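Notes to accompany the following structure.
Each value in this text was obtained by applying a stated rule to the coordinates, not by laboratory testing. Because the structure is a prediction, the values reported are computed rather than measured. Note: ideal-geometry Cβ built from the backbone for every residue, glycine included; neighbour counts use all protein chains shown.
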């Protein structure tokens, strides 16, 4: 039967299709559940594992320094200010550079450090995630996409940095700073009011994406 | 004299416009977008609302965003600066397209888009001109995103009457309006499945599923529905059902889910995209159906998932009894018994590797099935069983499989040769590939079975497809695996012999029974004629197979037989063509249906039409059907609007409506006469004309008014 040939050809086709469509399986992380674990190297060569951060509150911030929405929060100083406040409270703020090589926002370790210096940024570390693994496991779709993991390793916040989805820095003072509010509530032992908000920004630059 | 005065007045009115630099500022060109503020009128009348639009023309591969931009992005925003008393409504958004950027789903516009805004000047509008100023922001993205902005100024003269803009501009607005979703003609509800995921139900009864594809629901805002999840909508005669994925909003079940439903409808002329705004309130009584629609659903008994798995496993086991598989199995088993204890450990590993090989092959097959389905489209395959053509083809498949099992013909065994070299191989890798190739090598016997199983798997959602095929693979591998672990089982195995052929021949009968059942399903769909075409087709197929059985060397006679066989098969499949024209089961009672609204229209009949045309009045005929979505949309946006009604009235046009829901024979005859395949069909006889003008299948209000009034004026 000639259709056997068709089958075998489609096998090739199928395997090609599967390797090209890793996004189909992208899992979104769930609030109230254990945050997806990760191990990553930062821009200074240090290794970070979510598991070893148990006992501390962790903030994840996906970034792409060329994205206008990321630019909005760095040029205005909003992101750096929140990073410093968080550090003062013992929160571990991890900026995650998840753009794939060749995509906008991809950085080498040296470039990442340079960007931190230029912006006077103050994250605990910039994690290099060129295979977009962390972004993928957390279901990040944009930069900046924000996540908060509590001291027991549970995901307690996901969404945008604030409430006004524009690239205009003049909107920052009028916006509700969701991450800051969530961290404050978390430190006070209160439930987080806005635990899941609309993330906004540029498309996260996954490998293989256009 | 009065003419000269009018000229002077208009000149005076026009003068300020000419001197203003406004026109130049209504266009803003950035690196990626040419944006222009357009007005549909060239002169405004106080108190009379009019439309303007921000037109965005993007560079290729760049897009701007819809009101819900999807998983990233930002919609265009317009801030108006208007004189006191003048108001601007929010943007009326056209239907967006789904833009997939590496798995991140964006809703937006590529190419050229008009964002419509209604402006209402007050009745006491002062001054000779109306100055509109707008600050617009938009985000334009390809693989990177750039926020852009523009300031627009448009100054329009104010007069005692509205003057329409030039026809090119009007056409732009007309086309743009056609892109805006209309209010849904059908009520919608949503329920929540056990998983917490919502599903949308649109109560559109009487649709023809085979004419609809590419159904997609664009949620109006972030939160309730995840944008990223793939949607597999199902269209049945009962309506449209779209399983959705729960969004990220923390809130409990929302009161309602709003958004835009888009679909492609195939009409006689081609495919038309239609879109409807839907607001679906929560309905706690709605129950999610776990099992997808299968053929069995039509007769009220659904094949449950676990039953399907059981059958698949059984099917795999039966494959072992096929004449080209069983002797090998028996031989292998016999050799295992003779081996010593140490060698048995190896045999076990061998068995596991073989099983892995078989399962991987089936998994790949499942992958292939899914890939094919994904490439064919997102619409669930369940609807295929609603189609008589599909029923016919499945009946043919069962019949041919039955003939094969009966031994009427054999599938070429050429592939079996591939397996020869395998026997000599050893080691785990060898066993693994033995498993892989067992699947391929056994094809001459298993292909018909596999075709049926793949056909079934194709109608299932992805996880079920994989599970069913893996269960079948496990069934195929199981006896060999059991033998490698317990060679003693070999004693319980029957000897290969003539019983294998008998069994195979016996299995033909369930296949024939299935074919009979499919023909019964077909008669439910098409009426008694279906039997004639299906059975006739089967005779032709059997005839073709009989002709091809004379496997002589190449000779003119062989080619002749092949030719005749090909013709017979073509004729059999030609029956499928005939079926499309058969009335549906519901049409037993021919006549007007409940779905078509005749208010303000006369019912079409040939006699009434001839009479109206003979009386030299203008005549407009609308052939529609309850299941025709494009017809419905045309009614809403073009035929039943205030302006069109006025035009009908003013011109004294005779309005006839024909209901083709149940394929009224009189209308069918007229369609054939005009060489049309179906509805919508709009015919217009200008007053006194003998031949009708056939209007396009997509109508707009402007085109209707123009059609009706232009010939009317020409008459005077």
Among A:110, A:140, A:125, which one moves the most in a GNM of chain A with springs linking Cα atoms closer than 10 Å?
-> A:110
Gap in Å between the Cα centre of segment B:239-284 and the Cα centre of segment B:162-212?
-> 9
Likely footprinting exposure, B:673, A:85, B:265, fewest C-beta neighbours within 10 Å first | B:673, A:85, B:265
Please report, largest first and rounded to whole Å, the three semi-axes of the ellipsoid equivalent to segment B:183-289, where each semi-axis is the square root of five times an eigenvalue of the C-alpha gyration tensor.
-> 24, 14, 12
With a 10 Å radius around each residue's Cβ, average the other Cβ atoms per peptide and rank B:216-227, B:110-121, highest first.
-> B:216-227, B:110-121
Everything considered on the Cα gyration tensor (a ≥ b ≥ c; rounded for a/c under 1.5, else prolate if a/b is larger than b/c, else oblate), segment B:69-217 must be described as prolate
Final fewest-first order of B:257, B:667, B:146 on the 10 Å Cβ neighbour count is B:146, B:667, B:257
Take the alpha carbon gyration tensor of segment B:602-715, find the square roots of its eigenvalues, order them as a ≥ b ≥ c, and report rounded if a/c is under 1.5; if not, report prolate when a/b exceeds b/c, else oblate.
-> oblate
Okay, which of segment B:165-204 sit inside 16 Å, backbone N to the point 7 Å along the Cα-Cβ direction of residue B:710?
-> B:166-172, B:174-175
Quick one: among A:73, A:65, A:119, which has the greatest mean-square fluctuation in a GNM of chain A with alpha-carbon springs under 10 angstrom?
-> A:119
In terms of the alpha carbon gyration tensor, root eigenvalues a ≥ b ≥ c, rounded if a/c is under 1.5 and otherwise prolate when a/b exceeds b/c or oblate, segment A:28-203 is rounded
Acute angle (nearest 10 degrees) that the helix A:178-187 long axis makes with the longest principal axis of chain A, alpha-carbon atoms | 70
Go from 0 up to the bin containing the longest alpha carbon distance in segment B:177-233, width 5 Å each, and give me the % of pairs per bin.
-> 4, 12, 21, 28, 21, 11, 2, 1
In whole Å, how far is the Cα centre of segment A:135-179 from that of segment B:59-107?
-> 22
